[in-house]
1. So for segment 139-153 (the condition being among the hydroxyl-bearing types (Ser, Thr, Tyr) and touching a residue at least 60 places away in the same chain (Cβ under 8 Å)), does at least one residue qualify?
2. For segment 300-321, which positions are more than 19 Å from LYS6 (Cβ to Cβ) and either under 17 Å from the mean Cα position of the chain (by Cα) or polar (S, T, N, Q) (or both)?
3. For the subset of segment 233-292 comprising residues that are exposed (fewer than 15 other Cβ atoms within 10 Å of the Cβ), more than 19 Å from ALA45 (Cα to Cα) and small (Gly, Ala, Ser), which member is modelled with the lowest pLDDT?
4. Looking only at segment 115-124, decide whether some residue is farther than 19 Å from GLY349 by Cα, surrounded by 22 or more Cβ atoms within 10 Å (Cβ to Cβ) and hydroxyl-bearing (Ser, Thr, Tyr).
5. Which members of segment 53-77 meet the condition of being out of contact with any Gly (no Cβ under 6 Å at 6 or more places or on another chain) and surrounded by 19 or more Cβ atoms within 10 Å (Cβ to Cβ)?
6. Which pairs have Cβ atoms under 6 Å, sit 6 or more apart or on different chains, and link a residue in segment 283-300 that is closer than 23 Å to PRO273 by Cβ to one that is surrounded by fewer than 14 Cβ atoms within 10 Å (Cβ to Cβ) and small (Gly, Ala, Ser)?
7. For ALA89, state whether it is more than 29 Å from MET373 (Cβ to Cβ), in a helix (DSSP H, G or I), out of contact with any Lys or Arg (no Cβ under 6 Å at 6 or more places or on another chain) and hydrophobic (A, V, I, L, M, F, W, C).
8. Is it the case, given these coordinates, that LEU147 is part of a helix (DSSP H, G or I) and crowded, with 19+ Cβ neighbours inside 10 Å?
Amino acid sequence: MAQKLKTDWILFTTVMLMVLFGSVMVYSASSVVADIRQGSSWYYALRQLIWIILAIPLMMFFKKLHYRKLQTPAIAFTLIGVVMMLLVAAYFADPAQHRWIRFPFFGGLQPAELAKPAIVLFLSYFIALRSKVINKGSTLVPALLALGFITMAVVVADLGTPIVLVSTAAVMFCVAGLERRYIAMALVLAVLACCLAVAAKPYRLARVVSFADPTFKYIDKFDKKGWIRSRIKQTVTAKDTNYQIRQAVIAVGSGGPTGVGLMQGRQKLFYLPESHTDMIFAVVGEEFGLFGSSAVMLGFLLILWRGIRATALMQDEFGRYLALGITTMIVIQAFFNISVVLGLVPPKGIPLPMISFGGSSLLVTLASMGILMNVSEHAG
């Protein structure tokens, strides 16, 4: 008789509460803007609800599907191939931003979101298969090529997602026993690649410079020819790249310990850009204060705890790396988003998992959480 698995109720309850809270915050953050721009205060909230209705059954499907059924080369390699094709399609389908594939009456699909679980599944399969020779070139080269191709395809339009991808892969390889020399080499390459990606786009360079050295006090000392200044002037976006962060910090600060109350926030009223997407944590801070913000962070800490627990208890290598990869992916993205809102890192658009408005992000996140729940249940 097959052993009946016990649901990880802590993880399941945490995810459901965060999705519910996220739907409430999407309405609160977007209602006024939606009413003025779309003619209905429920426009974004209803779209988010539709995605929730689609995402929860998908999560339950993966929760019940034995994670070992994902341990096949067909899934690992095919998913990488599909994501690459979708990224190429998005490049031509969205000439302005290269991010979206639009569908009538449905919204859009962001292939970069699919790249995250695709990389986690691929690396989990590959590392488990080659765990005993993890430091051999025959292992590192194919894995790095797959990661590199996906990262380069995504970085054309988005820098935040590649940071999540590379960070997740780094954690997985470190846990797998990658030697320090390879870690150091990978770190140097990652920093160089990040610098090139920033320099390639004037608006990215403007954001980093405005955050790190807005008066050019230090930059002018080594950039004698003014290349950085001239490069920044090429951007067609808003010149004040710190405006969004300032408004977010004002929102969080004005919330105090307990907040001004649900629906009572002011910064979302056209002061704070992207208030229902990338900057929704600022609205949480303003309306629910320190306690509400801490509750959201506690939710991600609970996910981190259950993910690490599953990783530590899992005897099967594929399951171990799968739990580790998904947990790292979600938690790094969450705390990167929160760090941007709090002004701790340069501004970069990346959604807060389960809280921000966005169908692709919600669908991918809940599907991934379903897989993590299944691994956690098998870990005991």
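The values are calculated or read from the model by the stated rules, or taken from the named source; none is laboratory data. Keep in mind the model is a prediction, meaning the values are calculated, not measured. Because the Cβ atoms are built from the backbone with ideal geometry, glycine has one as well, and the counts that use them run over all protein chains shown.
1. no
2. Hits for segment 300-321 are PHE300, LEU301, LEU304.
3. ALA238
4. Yes, some residue in segment 115-124 is farther than 19 Å from GLY349 by Cα, surrounded by 22 or more Cβ atoms within 10 Å (Cβ to Cβ) and hydroxyl-bearing (Ser, Thr, Tyr).
5. Filtering segment 53-77 for residues out of contact with any Gly (no Cβ under 6 Å at 6 or more places or on another chain) gives 53-58, 60-61, 64-66, 68-77.
Selection gives ALA55, LEU70, GLN71, ALA76.
6. Close Cβ pairs (under 6 Å, with a partner that is surrounded by fewer than 14 Cβ atoms within 10 Å (Cβ to Cβ) and small (Gly, Ala, Ser)) amount to GLY289/GLY256.
7. Spelling it out, ALA89 is indeed more than 29 Å from MET373 (Cβ to Cβ), in a helix (DSSP H, G or I), out of contact with any Lys or Arg (no Cβ under 6 Å at 6 or more places or on another chain) and hydrophobic (A, V, I, L, M, F, W, C).
8. Details: part of a helix (DSSP H, G or I): yes; crowded, with 19+ Cβ neighbours inside 10 Å: yes.
So LEU147 passes the test.
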